[in-house]
Amino acid sequence: MKTNSLLLKVLLGAYLVVFFGYLLGPLIVMSFTAFNSPSFPKLTPWECLTFEWFDVLANDERILNGIENSIIIGIGTVILSVIMGLAGALMLTQIWPKLRATYYTIVIAPILIPGVVLGISTLVFWDRISIMLGMSTGGILHNGIFLTILGQSTFIASYCMLVFIARLQRFDTGLTEAALDLGATHVQAFRKILLPFMKPAIGSAAVLAFLASFENYNTTTFTFGKYPTLTIELAQKVRYGINPSISALAFIIIVLTVIGALAHEIYRRRQQLALANGAPVSAVAGSFQLPKILSGNPAAIILILLTLGGASTIWFAQSYSPDSCKMDVREQKRLIQEERIKAIREKRQLNIQQKQHQGPDVFGGSKSTAPATQSPGKGAFGNVFDPGNLDKSAPAPKPEKPVTSPGKGAFGDVFSPQNLDKAAPKED
Amino acid sequence: MKAAQLIRDYFVKNGLGLGSFLLVAVLFWVVILIVLPQLSMLDFSFRHHLPPPEMGGPKDTYTIEHYKYLVLGAPGADTSYNVVDLGVFGRTLLAAFFVTILDLVLCYPLAYYLGQSRGGGAIRILVLLLIIPYWINEILRAFAFRIIFGESGLINEMMLTMGLISDPVDFIRANVALYAGLGYAYILLMIFPIYNVIESLDRNQIEAARDMGASWWRIHWRVVIPYAKPGISSGCTMVFMLSAGALAAPQILGGPSSLWFTQIIYQWFNTGGNWPRGAAFAVVLLVACIIIVLSMMRLFKVKIGDIGK
């Protein structure tokens with residue numbers, strides 16, 4: 001029994017490792033590629049620690065423009081979908097019971113409808129409307145921002161509605177009735193009773209809506225028109241050529257997400273603490289009691305460590321220059337390439353030797369000893385004029401004439417094995 | 001009569017201003033954003049492909065040529081059915097089904113573990129770790145898989161250095177990257193519904209079953225899974241619909257020889273320039289997904305109201 005439970009624990013641990021490895025591994029790998037110097041994002045081989053990709057990212061007009069469009073569309077979507085979601089949730093509590101199931105199916109359907117279909121239907125519908133109204137193709141109904149906001153709100157409002165429904169279930173309608181009995185108007189009751197109660201839900205629905213809008217691709221790709229969002233730009237970059245500046249962007253987004261999530265977690269912890277102590281949240285939030293918060297609050301510890309890490313990274317990035325390392329890598333690559341060239345040349349020479357070997361053999365056996373005795377001598381010659389030796393001598397003049405670095409190729413040509421071989425017989 | 005009474009009640013309860021505001025907002029959403037665009041897409045899919053000036057003219061009549069095209073192919077083609085598009089369609093649905101099963105198998109144990117362990121800081125952190133990948137852009141997640149599975153990607157380089165393989169394996173062409181990426185993209189939509197349901201399962205039921213001598217798989221089969229069925233079906237529905245309708249992951253991770261049905265739709269809208277045909281294909285995708293999901297729900301006896309909880 002005991003070994004059994006131990007086995008189970010080991011299995012569970014292994015499973016958790018695999019699962020979270022699958023979940024987080026890709027993100028971690030991607031983050032690290034942002035700091036590697038090769039121009040194709042990869043982790044292996046690790047060449048140089050570099051921050052240049054962040055510079056590349058910061059100077060990328062299209063990305064910056066995409067972020068701007070994304071923010072505009074995000075704000076529009078948040079406003080529209082929070083309003084529609086709230087109205088939809090309130091309507092659900094009041095609608096004729098026989099209609100309720102149908103109504104619920106209709107407003108929940110956009111979550112299940114493929115985003116592609118939503119994008120297409122929005123595009124087609126407003127296109128037809130604008131034709132019906134006789135509007136030109138440049139009109140508002142063809143505007144990418146307008147269409148994208150509508151297309152995204154269609155399903156994001158459903159997410160918001162789900163958040164509101166969950167909160168509304170705990171709402172005591174007696175409160176509104178009491179307010180109305182005491183002479184408040186409907187609008188007053190709504191503003192002073194319901195809205196304050198819904199405030200946390202409105203906050204989380206807004207955040208949810210903004211994030212969903214920011215990362216949406218399927219719907220936006222049909223509706224964006226002349227206003228590509230960040231996601232669209234990213235998709236185009238990823239599809240038609242990758243460089244690590246995308247990893248750098250991913251890294252920034254991941255760090256922001258982690259910080260946001262941890263901050264939220266800390267806030268919730270404090271709230272719970274406050275509730276447990278019977279004090280209002282503001283009391284706990286107001287007083288600064290670091291040690292108590294830190295004890296038994298891993299999220300806070302991680303957040304602080306992250307901030308420290310981030311700050312030190314930024315400091316390091318300012319003082320660190322990867323140039324020397326990059327030179328080293330370039331030098332190493334050059335050496336490897338030279339090795340390869342050398343190998344190829346040797347091979348070629350060997351081939352030529354073999355051919356010459358075979359050449360005299362064809363002419364008969366009487367002379368056959370002569371080439372055999374000659375060939376070691378030729379080999380010695382070959383060694384003297386070995387391209388490897390040349391390469392060793394070649395870099396020597398290089399520093400004197402750095403301008404003629406392409407001339408190295410010319411040099412190499414002059415001393416290339418073929419030419420040498422042509423010269424060698426003459427000297428013979 | 002009854003309807004009029006209901007409407008009057010509604011305005012008495014909410015007041016005229018607020019009541020009409022709510023009504024307008026809901027009607028705008030339901031009618032203008034949800035229902036009419038879908039109907040207009042359906043209508044559009046039965047139209048001829050015409051240049052804009054001729055729309056609404058005498059040539060603008062109803063036709064089923066686009067649906068015919070999907071089934072039979074271009075007129076005069078050498079095969080009697082549109083093998084390419086239908087094949088892609090079938091493969092998309094099959095692959096989406098496969099991805100759903102993969103996610104379910106991966107998620108169920110974790111959802112059970114999280115749901116049955118009592119709170120605690122460690123569990124909260126695990127849940128946070130689960131949520132974080134979901135807020136990273138879909139494109140970036142697919143991009144990460146390309147870094148890992150690419151020809152000079154992490155896995156190939158590692159296996160090459162360890163000497164397991166002598167030539168890089170083309171994961172992209174073999175669609176391994178695509179399935180891994182799709183499963184990854186929607187994994188959270190599987191785990192949270194199941195987790196939420198299992199969290200509310202009374203532990204005493206499991207204890208009781210164990211005391212009665214049930215083996216662990218029997219406990220799951222007879223107690224946990226029947227209880228978690230709404231969560232499981234809701235998770236499966238969402239993962240299936242979203243994978244079948246995915247566009248980003250297939251575009252980035254898909255092999256050169258394997259298309260996703262959404263990519264064909266995309267092509268008709270962009271490079272193909274035949275909107276009605278794209279709309280017809282989108283309608284087919286939508287209808288097929290709805291039929292599959294409804295029949296699965298019928299099979300497992302769950303209601304649509306359970307979805308989205």
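The values are calculated or read from the model by the stated rules, or taken from the named source; none is laboratory data. What you see is a predicted model, and the numbers here were worked out from it, not measured in a lab. Positions of Cβ are backbone-derived with ideal geometry, glycine not excepted, and every protein chain shown enters the neighbour counts.
Data table
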item: Qualifying positions in the stretch A:117-134 - among the β-branched types (Val, Ile, Thr) and touching a residue at least 40 places away in the same chain (Cβ under 8 Å); result: A:120, A:122
item: Residue list for the stretch A:1-53, restricted to those being modelled with pLDDT of 75 or more and farther than 23 Å from residue B:150 by Cα; result: A:6, A:7, A:8, A:9, A:10, A:11, A:12, A:13, A:14, A:15, A:16, A:17
item: Which numbered condition residue B:109 fails, given (1) at pLDDT 80 or above; (2) over 16 Å from residue B:199 (Cβ atoms); (3) at the interface with chain A (Cβ under 7 Å from one of its Cβ atoms); result: (2)
item: Candidate set: the stretch B:233-278, residues that are crowded, with 24+ Cβ neighbours inside 10 Å, closer than 30 Å to residue B:209 by Cα and more than 9 Å from chain A (Cβ to nearest Cβ); chosen: the one modelled with the lowest pLDDT; result: B:234
item: Helices (runs of 4 or more DSSP H) contained in the stretch A:189-275 and holding at least 3 residues under 28 Å from residue A:161 (Cβ atoms), acidic (Asp, Glu) and more than 10 Å from chain B (Cβ to nearest Cβ); result: none
item: Single condition residue A:180 does not satisfy, out of (1) surrounded by fewer than 19 Cβ atoms within 10 Å (Cβ to Cβ); (2) more than 10 Å from every other protein chain (Cβ to nearest Cβ); result: (2)
item: Tabulated pairs, the stretch A:157-182, first more than 17 Å from residue B:22 (Cα to Cα), second part of a helix (DSSP H, G or I) and hydroxyl-bearing (Ser, Thr, Tyr), C-beta under 8 angstrom, 6+ apart or interchain; result: A:159/A:81; A:163/A:204
item: One residue from A:147, A:99, A:112, A:118 being within 30 Å of residue B:291 (Cα to Cα) and either touching a Pro at 6+ places or on another chain (Cβ under 9 Å) or hydroxyl-bearing (Ser, Thr, Tyr) (or both); result: A:118
item: All positions within the stretch A:72-124 that are aromatic (Phe, Trp, Tyr) and facing chain B (nearest Cβ under 7 Å); result: A:96, A:104
item: Close pairs from the stretch A:94-116: first within 18 Å of residue B:8 (Cβ to Cβ), partner among the basic types (Lys, Arg), Cβ under 9 Å, at least 6 apart; result: A:94/B:13; A:96/B:2
item: Residue selected from the stretch A:125-135 under the condition more than 7 Å from chain B (Cβ to nearest Cβ) and part of a helix (DSSP H, G or I), by the criterion surrounded by the fewest Cβ atoms within 10 Å (Cβ to Cβ); result: A:132
item: Wholly enclosed helices (runs of 4 or more DSSP H) of the stretch B:118-189 bearing at least 1 residues more than 20 Å from the chain's Cα centre (by Cα) and buried (at least 20 other Cβ atoms within 10 Å of the Cβ); result: B:138-149, B:154-162
item: Qualifying residue in the stretch B:217-232 (condition: at the interface with another protein chain (Cβ under 9 Å from one of its Cβ atoms) and not charged (D, E, K, R)); result: no
item: Residue within the stretch A:89-105 that is aromatic (Phe, Trp, Tyr) and under 38 Å from the mean Cα position of the chain (by Cα) present; result: yes
